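Structure first, then comments.
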Amino acid sequence: LIILDDWGLAPMTDLHRRDLLELLEDRYGKRSTIVTSQLPVTAWHESIGDPTLADAILDRLVHNAYKIELKGESMRKHAISLDQN
């Protein structure tokens, strides 16, 4: 299992894109990958940068994926308000 936490917070370099594609290609259909992100999936393509590599990466990452979208206030905000009481 690989967990990509806070996906898309910083722009990817060409080396990052190529390494990620290689990693996902090796794991595709064999291993699990969890991605957490504050970016909506529709913004991932632009976040990756290079359109061709973004297509390849997202094809391997999103195809056959289960997507869970959380709604509501951040649990961190809730935890902070509990700590202050």
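The values are calculated or read from the model by the stated rules, or taken from the named source; none is laboratory data. Predicted model, so just to flag it, every value in this text is computed and none were measured. Cβ atoms come from the backbone with ideal geometry, glycine included; neighbour counts cover every protein chain shown. Please note that ligands, DNA and RNA were not included when accessible areas were found on the heavy atoms of the full protein model with its side chains. Shrake-Rupley method; radii C 1.70, N 1.55, O 1.52, S 1.80 Å.
Annotations for the structure displayed:
- Quotient of C-alpha Rg and 2.2 N^0.38 Å, computed over region 1-83: 1.24
- Amide proton proximity set for L4, modelled H, under 5 Å, gap of 5+: I34, V35, T36
- The angle between the Cα long axis of helix 75-84 and the longest principal axis of the Cα atoms of the chain comes to about 30 degrees, rounded to the nearest 10.
- Label reach from E69 (point 7 Å along Cα→C-beta): in region 22-54, amide nitrogens under 12 Å belong to 39-43.
- Among L23, L15, L58, residue whose mean-square fluctuation peaks in a GNM of the chain (springs only between Cα atoms under 10 Å): L15
- Surface accessible to a 1.4 Å probe, I2 within the full protein complex, Å²: 40
- Where GluC sites (Glu not before Pro) fall in DSSP loop in region 5-81, at most 10 other Cβ within 10 Å: E69, E73
- Principal-axis analysis of the Cα atoms of the chain puts helix 51-62 at an angle of about 60° to the longest axis.
- Mean ellipticity per residue at 222 nm, deg cm²/dmol - from DSSP H runs of n ≥ 4 across the chain, formula -39500 (n - 2.57): -14500 deg cm²/dmol
- Whole-Hz Karplus values for region 25-35 come out as 4, 5, 8, 4, x, 10, 9, 8, 9, 10, 10 Hz, taken residue by residue from phi with 6.51 cos²θ - 1.76 cosθ + 1.60 and θ = phi - 60°; glycine and proline positions read x.
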